[in-house]
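This report concerns only the one structure given below.
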């Protein structure tokens, strides 16, 4: 496997992810994730970094200029708060199933 210097002429210690605070690539805010994506765009290893993250199925973080959430590339980092619509629908289904189970259990006991 070729080193960063052999591939690009740049030593790994000169890459944006080595220079900046490592927490930036696992940021809690969308603004910080956007900053990490900007820095990735200047990196000569952006493409190979992204391909590697996809191959490794990275669960979270900014890799190769893209945000990974639960192992998939997403357009933007979502901040804590309201869940996605699909998650809301799944929670509603689970809540309804539990309510039906309680109702059926109590009717069977009575």
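This ranking places 63, 12 by how few other beta-carbon atoms lie within 10 Å of each, fewest first, which gives 12, 63. Quick check on the range 1-79: take the gyration tensor over C-alpha atoms, sort the square-rooted eigenvalues as a ≥ b ≥ c, and tell me if it's rounded (a/c under 1.5), prolate or oblate. Oblate, because a/c is 1.5 or more while a/b does not exceed b/c. Each residue, residue 7 and residue 24, gets one label point 7 Å from its Cα in the Cβ direction; the gap between the two is 2.0 nm. Taking the fewest neighbouring Cβ atoms within 10 Å as the starting point, the ordered list for 10, 62 is 10, 62.
Would you list 26, 68 from fewest to most Cβ contacts within 10 Å?
Values: 26 13, 68 21.
Taking fewest neighbouring Cβ atoms as first place, the list is 26, 68.
Here r is the Cβ-Cβ distance between residue 31 and residue 92 and R0 is 22 Å; the resulting FRET efficiency, rounded to 0.05, is 0.10.
Since every read-out is calculated from the coordinates, none of them should be taken as a lab result. Source: prediction; values computed, not measured. Because the Cβ atoms are built from the backbone with ideal geometry, glycine has one as well, and the counts that use them run over all protein chains shown.
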